[in-house]
Amino acid sequence: MAQKKSVINLISSKSIQGVKINGVDMLKVYGGTFQQDYSTLRSDSAYFHQAENTFDAFGHVMITQGDTLNIYSDKLNYNGNTKIAILTDHVRMVDKDATLSTNYLTYNTATKFGTYTGGGKLVNKDNTLTSQNGYYFANTRDSYFRYNVVLLTPDATIKTDTLRYNTGSRIAYFYGPTHIYGKKTAKDNDTLYTENGTYNTITEQAFFGKKNLYSQGTKTLKGDSMFYDRKKGYGRAVKHITFNDNEQKMTLKGDLGTYYKTEERTVVTENAYGIIVTEERDSSKNDSVHIKPDLKTANGKANAKKTVADTAKAHPGRLAAVSNKPGDNPKAPANTIPLKELPTGKHDTLANKKANKTKTKGKPADIPGVKKDSVKIKHDSVYMTADTLETRILTYKDLTILQEKIRLAHIKDTTIRPPSIVYKKPVRFIELSAPKWVADTNFLHRDMFGKPKPKTEPEKKPKTEAGKKPAKPAAQLRKLSKQDSLKQAKKVDSVYLTRKVVLSDTSRIRILSAFHHVKLFKSDLQGKSDSAFYSTSDSTIRLYVSPIVWTQGSQLSGDTINLQMKNKKFDNMESFPNAFVVNIDKGDSTHFNQSAGKKMRGFFNNSKLERLFIDGNAETIYFSRDSGKISGMQRSLSSRIRINFKDGKVTNLVFLSKPEHRYGPLEKFTEDDKILKGFIWKPKERPVSKEAVIPTFNKSASAKSNKGKPPVAGKSSSNKPADIKAAKDTSAVKPGNLAMPVIKSAKDTSAAKPGNLTLPVIKADSIKSKTDSIFSRPKKLPDVKTGKDSASTIKSDIKPVQ
């Protein structure tokens, strides 16, 4: 059935007058009220065309739909057939707590859909939104905005290209490049960028899903998908995340990251690795300050001699800087410039200045006396990977408190005893704690109550001889100060020398903690450990729990290893206790130069190990060579040893105190003598490249290598590898302790009596197989060294019977 046509009805009016405009009969209505379906329209005046079912309204126009939606304007053109209202001049749409303002609005009273294209503003409680184009759905209270969209909230400013906003839930949805700016204050100056996401203006929670970036000051956080709670200061990023701190030159990457704003702490897991930026060349000592010649007087030939004389009078030490020849003054520093090399010519007139400008146009002016720094700085970063990486910003005072807590956590308080158990009811079984070992306190503790006070000798009065005056106390103090300084200089020990950190309590310091399966890679240094700690206060990387460091063909190990950097380059290292160094020559993997001691201190020069000090029961094994062949071995013991390196090779060994040497050919030493206690050699665990350190590279490389290969026998059809028995680790086995296979000797039956022999019953089918095995060739013995069958066979001592 055909639907009934909806007609505009005039409900009431103040006055009506019939008029004819352009040959069309109309009604001129004053103060009229019109109604169509569920819409009510009012105005001061209107021209009503009943035949076409339209009208034009002027002055205080108002459209009402239900109890919540009201639209106000100065002019209105309404078509009852299409139910489209065109409102112009000071248009306001009010829907509950949302107000939309514009100058031109197209509104459909049937679908409750409004559109503006000339710029508009939406105000929803504390949120204000402006855009070029806008689309409003009154049924769902959704608004779509395009071009130059700006959303202002009490705590953030959002700028985007395309946005959807719901006035009921007050949630904004982003469909294009979007920037979210926080309050521009010192504490909260953060920025969020995304190309697809949502932002709840009530809870201030944001979800991002495309090209996401969070930045605060010098810190940034990226990720494929991100969540951020501005009120709690909590952020989370998933897949391909990158945390970067440009101020501290540190980068963290992984697949799962969490950020805590109040603590300024970031935790990265799932394929986590960090990058600490270092440099191959020291850029902190570029001195471009040289002696500046007086160009005004030096440019004139006539004033050259006068310049020398004036300079000699004013600055006698700078006479070399203006000498006519380089060899006139042999004490002149290397950066001085001879006078002949200074630019000479006519005086600087206006014409000459113009000529000089045209000559040097497009080229930087060369300043005489200033050396150009044309060498590019090459970055050689340290890559660190672990199961979990955690970094945070602390003040120096908080860092010292944290380090003290860590130190005290390893000390047990034996004075605290557990409370005794009092049973109120009888129990069937009484639980007893395991007996504890009580330390013996009978022996002497010299520093139990602190270090003893230094003994002070009584002051002696200076003796005066006849005719001589007593020495002045000032002279005595000078002599004593010189002697004390010499004694202190002698007491300085390079092994135990530490660089004192001088920082204020409010200095901001970044720390990095790595937990479990830590690996380090640098082009000239690699390492591994179970955990690590890095602080920018002293630029030291601390490796804990079975650490190993490889550098220049040497392997260094110990219980704890510290690597300290200076001016973005490795400066020194420290290993304690149970320090051990293994070094091999190229082409020889069987003879190891070894050094061991309680503590070890190494110093780098241009990121290369140059000197190594071993202190406390220092032992060394060194293999001497002659024409590439080993001629002998030296085993030494000393309280301290210094080892010098050059190009990755040991150049010399210096035994500083109480050395004991044992030298001779290899034949005089047993296999046990060739290896020191605690020897380990694990070259296969050394990271060979940064790709070997980064977990994502390892997974992608293994997936590519296994792709397209047929299934191997012993492996299951699923992705899980088959169970493979792990071979024994022979890294700690000494070469001389290899056990030969045990061969059991057969029983001697020659002395047996003939009557006592019992012959076994043999079936006819097995006679042939037995005879074949008897007359077959003897088997080959397995070679112990190579694991292959040796060429020699077993020779039988039994002679054939004639």
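I need a count of the residues in segment 566-591 that are open to solvent by 30 Å² or more (accessible area, probe 1.4 Å) and more than 23 Å from T278 (Cα to Cα).
Here the count works out to 10.
Could you list all residues from segment 644-678 that are under 15 Å from I584 (Cα atoms) and assigned to a helix (DSSP H, G or I)?
The answer is K674, and nothing else.
List every residue pair whose Cβ atoms lie under 6 Å apart, where the two residues are 6 or more positions apart in sequence or sit on different chains, the first residue falls within segment 59-77 and is on the phi > 0 side of the Ramachandran plot, and the second residue, located anywhere, is surrounded by fewer than 17 Cβ atoms within 10 Å (Cβ to Cβ).
G59/D44; H60/D44
Inside segment 488-503, can you point out the residues that are modelled with pLDDT of 55 or more and open to solvent by 60 Å² or more (accessible area, probe 1.4 Å)? Show your work before the answer.
Just the residues of segment 488-503 that are modelled with pLDDT of 55 or more, to begin with: 491-503.
Result: K491, V492, Y496, L497, T498, R499, K500, V502, L503.
Do we have any residue at all in segment 190-198 that's of a type outside the set (A, V, I, L, M, F, W, C) and assigned to a loop (DSSP other than H, G, I, E, B)? Write out each step before concluding.
Filtering segment 190-198 for residues of a type outside the set (A, V, I, L, M, F, W, C) gives 190-191, 193-198.
If we keep only those that are assigned to a loop (DSSP other than H, G, I, E, B) as well, we get 195-196.
For segment 190-198, residues of a type outside the set (A, V, I, L, M, F, W, C) and assigned to a loop (DSSP other than H, G, I, E, B): present.
Restricting to segment 643-677, name every residue that is at pLDDT below 90 and under 37 Å from the mean Cα position of the chain (by Cα).
Across segment 643-677, the qualifying residues are I643, N644, F645, K646, D647, G648, K649, V650, T651.
Here is a list: T109, T99. Which entry is among the β-branched types (V, I, T), more than 22 Å from I16 (Cβ to Cβ) and open to solvent by 30 Å² or more (accessible area, probe 1.4 Å)? Spell out the reasoning first.
On the way: T109 fails: open to solvent by 30 Å² or more (accessible area, probe 1.4 Å).
T99 is the lone residue from the list that is among the β-branched types (V, I, T), more than 22 Å from I16 (Cβ to Cβ) and open to solvent by 30 Å² or more (accessible area, probe 1.4 Å).
Quick check, is Y147 in contact (Cβ under 8 Å) with a residue 12 or more places away in the chain and either assigned to a loop (DSSP other than H, G, I, E, B) or on the phi > 0 side of the Ramachandran plot (or both)?
Values: in contact (Cβ under 8 Å) with a residue 12 or more places away in the chain: yes; either assigned to a loop (DSSP other than H, G, I, E, B) or on the phi > 0 side of the Ramachandran plot (or both): yes.
So Y147 passes the test.
The rows are residues; the columns are (1) within 21 Å of G678 (Cβ to Cβ); (2) of a type in the set (A, V, I, L, M, F, W, C); (3) touching a residue at least 24 places away in the same chain (Cβ under 8 Å).
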| residue | (1), (2), (3) |
| --- | --- |
| D505 | no, no, yes |
| L512 | no, yes, yes |
| H517 | no, no, yes |
| F570 | no, yes, yes |
| F576 | yes, yes, yes |
| I584 | yes, yes, yes |
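Being out of contact with any Gly (no Cβ under 8 Å at 6 or more places or on another chain) and either among the hydrophobic types (A, V, I, L, M, F, W, C) or open to solvent by less than 10 Å² (accessible area, probe 1.4 Å) (or both) is the filter here, so list the residues in segment 504-517 that pass it.
Of segment 504-517, the ones out of contact with any Gly (no Cβ under 8 Å at 6 or more places or on another chain) are 504-511, 513, 515-517.
Scanning segment 504-517 gives I509, R510, I511, F515.
Note down all Cβ pairs under 7 Å where the first residue falls in segment 155-171 and is in contact (Cβ under 8 Å) with a residue 40 or more places away in the chain, the second is of a type in the set (S, T, Y) and open to solvent by 40 Å² or more (accessible area, probe 1.4 Å), and they're at least six residues apart or on different chains.
So the pair list comes out as A156/Y181.
If only one of A57, A46, A51 is open to solvent by 20 Å² or more (accessible area, probe 1.4 Å) and of a type outside the set (S, T, N, Q), which one is it? Quick ask: steps written out before the conclusion?
Working: A57 fails: open to solvent by 20 Å² or more (accessible area, probe 1.4 Å); A46 fails: open to solvent by 20 Å² or more (accessible area, probe 1.4 Å).
On inspection, the qualifying residue turns out to be A51.
Going by what's in this entry, would L402 be described as at pLDDT below 60, among the aliphatic types (A, V, I, L, M) and more than 30 Å from L612 (Cα to Cα)?
Numbers: at pLDDT below 60: no; among the aliphatic types (A, V, I, L, M): yes; more than 30 Å from L612 (Cα to Cα): yes.
No: the conditions fail for L402.
Scan segment 360-372 and tell me whether some residue there is modelled with pLDDT of 75 or more, aliphatic (A, V, I, L, M), surrounded by fewer than 10 Cβ atoms within 10 Å (Cβ to Cβ) and not in a strand (DSSP E or B). Working first, answer last.
Filtering segment 360-372 down to residues modelled with pLDDT of 75 or more leaves none.
No, segment 360-372 contains no residue that is modelled with pLDDT of 75 or more, aliphatic (A, V, I, L, M), surrounded by fewer than 10 Cβ atoms within 10 Å (Cβ to Cβ) and not in a strand (DSSP E or B).
Exactly one condition in (1) outside any strand (DSSP E or B); (2) open to solvent by less than 10 Å² (accessible area, probe 1.4 Å) is not met by K232; state its number.
Failed condition: (2).
Here is a list: G66, G23, G18. Which entry is closer than 18 Å to T111 by Cα and modelled with pLDDT under 90?
Details: G23 fails: closer than 18 Å to T111 by Cα; G18 fails: closer than 18 Å to T111 by Cα.
Residue meeting the stated conditions: G66.
Quick check: is even one residue across segment 164-180 at pLDDT 90 or above, open to solvent by less than 60 Å² (accessible area, probe 1.4 Å), charged (D, E, K, R) and not in a loop (DSSP other than H, G, I, E, B)?
yes
What residue, of L69, L41, L27, is of a type outside the set (K, R) and under 24 Å from T130 (Cα atoms)? Please lay out each step first, then the result.
Working: L41 fails: under 24 Å from T130 (Cα atoms); L27 fails: under 24 Å from T130 (Cα atoms).
When all the criteria are applied, what remains is L69.
Quick one: how many residues across segment 3-32 are out of contact with any Leu (no Cβ under 9 Å at 6 or more places or on another chain) and open to solvent by 90 Å² or more (accessible area, probe 1.4 Å)?
8
Do we find a residue being at pLDDT below 90 and surrounded by 24 or more Cβ atoms within 10 Å (Cβ to Cβ) anywhere in segment 547-565?
For segment 547-565, residues at pLDDT below 90 and surrounded by 24 or more Cβ atoms within 10 Å (Cβ to Cβ): absent.
Just need a number here: residues in segment 517-559 that are in contact with a Phe, Trp or Tyr (Cβ under 9 Å, 6 or more places away or on another chain), of a type in the set (S, T, N, Q), closer than 30 Å to D588 by Cβ and outside any strand (DSSP E or B).
Of the residues in that region, 1 qualify.
Taking segment 35-52 only, how many residues are part of a loop (DSSP other than H, G, I, E, B) and either hydroxyl-bearing (S, T, Y) or under 17 Å from Y107 (Cα atoms) (or both)?
Step one: of segment 35-52, the residues part of a loop (DSSP other than H, G, I, E, B) are 37-38, 43-44, 50-52.
Cutting the leftovers down to either hydroxyl-bearing (S, T, Y) or under 17 Å from Y107 (Cα atoms) (or both) gives us 37-38, 43.
Going through segment 35-52 one residue at a time, the tally reaches 3.
Would you point out which residue out of T167, T160, T201, T153 is over 24 Å from T536 (Cα atoms) and in contact with a His (Cβ under 8 Å, 6 or more places away or on another chain)?
Result of the check over T167, T160, T201, T153: T160.
The values are calculated or read from the model by the stated rules, or taken from the named source; none is laboratory data. Since the model is a prediction, treat every value here as computed from it, not as a measurement. A quick note on method: Cβ atoms are made from the backbone with ideal geometry, for glycine too, and the neighbour counts reach across all protein chains shown. Surface areas here come from the heavy atoms of the whole protein model, side chains and all, with no ligands, DNA or RNA. Shrake-Rupley method; radii C 1.70, N 1.55, O 1.52, S 1.80 Å.
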